[in-house]
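Read the figures in this text as sums done on the coordinates, not as results from a lab. Just so it is clear, the model here is predicted, and its values are computed rather than measured. Quick reminder, even Gly has a Cβ in these numbers, built from the backbone with ideal geometry, and neighbours come from all protein chains shown.
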Amino acid sequence: MDTSSLVSAWNALLLHLCCVFTEPTAEVWRQIALGWILHRGPATVTGIFRTLGRLADRHWTVYHKFFYRAAWALDALSRALVVHVVAPMILESGAVNPANGKPVVDLALDDTTAARTGKHVAHAGWFKDASAAGPATKGTVIHWAHNWVLGAVTLRLPRWPLMRWVLPVVFCLYRKPADCDRRHPFATRQVLAARMVCQVAEALPGVEIRVAADGQYATRDMVQGLPCGANLVSRIRSNAAVYALPPARRPAGRRGPKPKKGRRLPTPRQMAARRKKGWKRITLLKQGRSVERLVLGITCLWYHVCRTVPIRLVIVRDPTGREEDDFFSCTDADVPDAQIAQRAYDRWGVEEAIWEAKQCLGFENTRGWCSKTVNRQAPLAMVLGTLVKAWYARCAADAPGLAPESTPWHAKTRPSFADMLAALRRVLWQHRIAPKTMFSTRVQQILDTVAYALFAAA
């Protein structure tokens, strides 16, 4: 594929989302997306405007108004992203439920903080950033920030068998009770996450949703808020109170209603220590490599969270003993143990997507402070990250020139997000700069040096 075709493929992805905007705003959206991708500093509107240069054919205030005044909604943008960009990739992945033949997709949920400065920034508060814990910070950091809950589609494509594609698609800003009102009533992170799953399910009516989240989302509100047909894989506490299934019949001589739960079982940690039989050896993909694990599955009741609905408790053990046992649960007891363990491991991809948006696209470097700007600007970094991955997955297989360059000490077999972003920047800058045949050899060398500085991966 030549440069023009690659640029056209990128513009086509942007056009898929133009249905969310009015006609004048759609052109501003395309320019902001271009400037955001090419800009290498903090994700500020001023920096984007300067990067566009002569391509910015509107007054500079128009680009600021795109975030705090223009008539578009983040929920509508997320829906368009799911329907027009991600849905074709889900069908391409070929993942189906053998029981009913429906396409399936994994949705990973998590939340993160985006540090801000200034007491007048809307919806900011003091939040704990667990990812910043360590000796350098002398413990977990509590900082003035926004707290975002997000969901990312996780899938594997036949053309990229060794890669896990993590595509952020839904976003919601968590507000503390003091920051809520009648228009925006308070909702916990778990309630917001359940609403986001419903949002994805509405956008993909014929697709089965499989949710994966960490332990803080294993709550009754989350489980009860899931749409019909969706199930949740999450961590379960090692000391959780689990029970056997209730007896099929009322015990002889006992009056009253039928028991809702059976006898109290040992805690998951006690089961892992006592059980000697029933372990199965399986192979899983973890962080891009194959690992051997032992799994033990038990069908039981987690009454505190799921009430009378049986769950599948899965204990995952490292045969070498180097890693501690993991304890996972699934709200659908019919899901195979290997699938539960793999989905729990794949959930880590959403952490990588958050890191990519922060380090490469300025997710926490925005400068807006009013309510509308706060709710719109930062999530666009995640949206653009999904578009970059979708563009690379679609074009790189047919364009060997987009493959990451290997170094003498490291031969890359899989591109990182920084490599994908660098490839897109190279294509856009080459399209923007005049053809090199018009210049002398010396000028071409200078342009090559400038181009490398413009699109080099971080």
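So who's got an amide H within less than 5 Å of the one on LYS286, skipping anything under 5 residues away but keeping other chains? H placed 1.01 Å off N, in plane.
Those qualifying (amide H under 5 Å, at least 5 residues apart or on another chain) are VAL291.
For the pair LEU91 and HIS120, what calculated FRET efficiency results from E = 1/(1 + (r/R0)^6), where r is the Cβ-Cβ distance and R0 = 56 Å, to the nearest 0.05? It would help to have the intermediate numbers written out before the result.
Values: r = 46 Å, r/R0 = 0.82.
So the FRET efficiency works out to roughly 0.75.
Taking θ = phi - 60°, what integer Hz values does the Karplus form 6.51 cos²θ - 1.76 cosθ + 1.60 yield along the stretch 40-46, in sequence order, with x for Gly and Pro?
Values, residue by residue: 10, x, x, 7, 9, 5, 4 Hz.
Take the Cβ-Cβ distance between ASP318 and LEU162 as r, set R0 to 25 Å, and report the resulting FRET efficiency rounded to the nearest 0.05.
0.70
Would you calculate the separation in nanometres between label points at THR413 and TRP355, each defined as 7 Å from the Cα along the Cα-to-beta-carbon direction?
Going by the 7 Å Cα→Cβ label model, 2.0 nm.
Long-range amide H contacts for HIS123: which residues qualify at under 5 Å (H placed 1.01 Å from N, peptide plane, sequence gap of 5 or more or a different chain)?
none
Based on DSSP loop calls and a cut-off of at most 16 other Cβ atoms within 10 Å, the longest stretch of the chain free of exposed GluC sites (Glu not before Pro) is what?
1-322
Per Stokes-Einstein, at 37 °C and 0.692 mPa s, what whole-number D in µm² s⁻¹ belongs to the chain, with the Kirkwood radius over Cα pairs as the hydrodynamic radius?
135
Per DSSP H run of at least 4 residues, take -39500 (n - 2.57); add these up for the chain, divide by its residues and hand me the 222 nm value, nearest 500 deg cm²/dmol.
Calculated from helices alone, the mean residue ellipticity at 222 nm is -11500 deg cm²/dmol.
Compute the acute angle (0 to 90°) between the alpha-carbon long axis of helix 348-360 and the principal axis of greatest extent of the alpha-carbon atoms of the chain; round to the nearest 10°.
Taking the Cα atoms of the chain, the angle to 348-360 is about 20 degrees.
With the cut-off at 20 Å, tell me which of the pairs LYS119/LYS372; LYS176/LYS372; LYS65/LYS119; LYS102/LYS389; LYS65/LYS176; LYS65/LYS358 have Cα atoms farther apart than that.
Details: LYS119/LYS372 17 Å; LYS176/LYS372 17 Å; LYS65/LYS119 22 Å; LYS102/LYS389 25 Å; LYS65/LYS176 27 Å; LYS65/LYS358 23 Å.
The pairs that break the limit, which is 20 Å between Cα atoms, are LYS65/LYS119; LYS102/LYS389; LYS65/LYS176; LYS65/LYS358.
List the trypsin sites (Lys or Arg not before Pro) within the stretch 168-258 that fall in a DSSP loop (any state other than H, G, I, E or B) and whose Cβ has at most 11 other Cβ atoms within 10 Å.
ARG182, ARG183, ARG249, ARG254, ARG255
Grab the Cα-Cα distance for ASP2 and ARG432, subtract it from 0.36 nm times how many residues apart they are, and report the gain in nm with one decimal.
153.4 nm
Between ILE236 and residues 5 or more places away or on another chain, which pairs have amide H atoms under 5 Å apart, with H built 1.01 Å from N, and which residues are they?
PHE327, PHE328, SER329
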